[in-house]
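This report refers to the structure that appears directly beneath it.
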Amino acid sequence: MENEDKFALITGASSGIGNELAKLCAKEGYNLVIVGRNMDTLQTKAEELKSLGVKVIPFAKNLFNADDVYSLYADLKQNNISPEILINDAGQGLYGKFQDTEIHREIDMVNLNITAVLILTKMFLKDRIPQNSGKILNLASIASKAPGPWHSVYHGTKAFILSWSEAVREELKDTGISVTALLPGPTDTDFFNKADMNRSRIMEDRESFSTAEEVAEDGFKAMMNGDDKVISGLKNKLTVAMSNISPDDLAAHRMNEMQKPSNEA
């Protein structure tokens, strides 16, 4: 097969934006390594993706755990796979005031949203720099552009991902490897349910949310073009523009009004 050794590695590929990005990679001829926590779900997704004419290798890993992240790359080495694309999609949020939220869940979130991304990207670069080629897509968020009351740790993790992605991109500019940050806004996935956000005011406008397909298409196009970042959706571009010209305290207040529980005045 012409594409026998052409692989894309996608975390969070079981659903939502990650699953849509996997489909786009497959349609472009990339074989897939898909990563999630539940092997049964992954195997179901793998069968669907194989219908697009590519090989699909599922790995069930708990990316909250750094040992599982390292073992993922050990498994790839064992299978002689060096992905040409890395998509760091897996991420979680947690809703509530910081004083009230569960610290263990927040530490897990930091491990998933930041630590796992750092490890996978480091391993990817060790493989790809000698090849002078590769593409990385990191899921940031418009949450990276403003402080986020009621969702503070999530916003902080995404601010880290955006800043770090921009820095590493500059370091890699002569290597043939591009780093792209995807900044979606509210998207119609299971993210908000998992983050316990169903009582947030932001959910009152769910009809205006982007679809996972729309966000994935924006991110995939930007990654393939080697762009530094893309804000997905016109409304989200306007939101970021407003945040960019607002003092941080005003941006935090505005976000507080958007995200606080709908039953609060």
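The values are calculated or read from the model by the stated rules, or taken from the named source; none is laboratory data. Bear in mind that the values here come from a model prediction, so they are computed numbers and not experimental data. Here the Cβ is made from the backbone with ideal geometry for all residues, glycine too, and neighbour counts use every protein chain on show. We work out accessible area using only protein heavy atoms, side chains counted, and drop any ligands, DNA or RNA first. Shrake-Rupley method; radii C 1.70, N 1.55, O 1.52, S 1.80 Å.
Please sort by residue number the GluC sites (Glu not before Pro) in segment 1-67 whose DSSP state is loop and whose Cβ has at most 15 other Cβ atoms within 10 Å. Don't skip to the answer; put the middle values down first.
Details: sites: GLU2, GLU4, GLU20, GLU28, GLU47, GLU48; in loops: GLU2, GLU4, GLU28.
Listed in order of number, the matching sites are GLU2, GLU4, GLU28.
Could you tell me how far the Cα centroid of segment 5-25 sits from the Cα centroid of segment 35-79, in Å?
When both Cα centres are located, 10 Å separates them.
Ignoring ligands, DNA and RNA, what percent of the accessible area of segment 176-245 is carbon or sulfur (1.4 Å)?
That share works out to 50 percent.
In segment 117-265, what percentage of the DSSP-assigned beta bridges are antiparallel, given to the nearest 5?
10
How many angstrom lie between the C-alpha centres of segment 90-128 and segment 200-254?
20
Project the alpha carbons of the chain onto their principal axes and report the range along each, largest first, in whole Å.
61, 41, 33
Considering only MET258, THR187, PHE98, whose Cα is most displaced toward the positive end of the charge dipole of the chain, charges sitting on Cβ of Lys, Arg (+1) and Asp, Glu (-1)?
PHE98
How big is the Cα convex hull of segment 218-259 in projection, averaged over all directions, in nm²?
Computing the convex hull of the Cα atoms and averaging its projections yields 3.6 nm².
Give me the net charge of ILE231's neighbourhood, meaning all other residues with Cβ under 15 Å from the Cβ of ILE231; Lys, Arg count +1, Asp, Glu -1.
Around ILE231, the charge tally is 0.
For segment 66-125, run through the GluC sites (Glu not before Pro) and keep only the ones in DSSP coil with at most 15 other Cβ atoms within 10 Å of their Cβ.
The qualifying sites are GLU102.
Which percent, nearest 5, of DSSP beta bridges in the chain are antiparallel?
So the antiparallel bridges in the chain amount to around 5 percent.
Step by step: find N for segment 92-166, compute 2.2 N^0.38 Å, then divide the Cα radius of gyration by it. What's the final number?
The reported ratio for this selection is 1.26.
Roughly how big is segment 120-196's charge dipole about its Cα centre, with Cβ charges of +1 (Lys, Arg) and -1 (Asp, Glu), in debye to the nearest 20?
Value, rounded to 20: 160 debye.
Checking the table LYS77/LYS126; LYS27/LYS235; LYS61/LYS135; LYS27/LYS55; LYS23/LYS158; LYS135/LYS221 against a 19 Å threshold on Cα-Cα, which pairs fail?
LYS27/LYS235; LYS61/LYS135; LYS23/LYS158
May I ask for the Rg/Rh ratio of segment 1-98, computed from Cα atoms with Rh as the Kirkwood radius, given to two decimals? Show your work: numbers first, answer last.
Values: Rg = 13.6 Å, Rh = 13.7 Å.
Dividing the radius of gyration by the Kirkwood radius yields 0.99.
For a label point 7 angstrom out from the Cα of LYS194 toward its Cβ, which stretches of segment 68-103 have the backbone nitrogen within less than 17 Å?
68-69, 87-96
Taking only protein heavy atoms into account and a 1.4 Å probe, give the accessible area per residue of the chain in Å².
With the other protein chains kept in place, the chain gives 47 Å² per residue.
Which value in Å does the Kirkwood hydrodynamic radius of segment 157-265 take, with 1/r averaged over all unlike C-alpha pairs and then inverted?
Answer for segment 157-265: a Kirkwood hydrodynamic radius of 15.6 Å.
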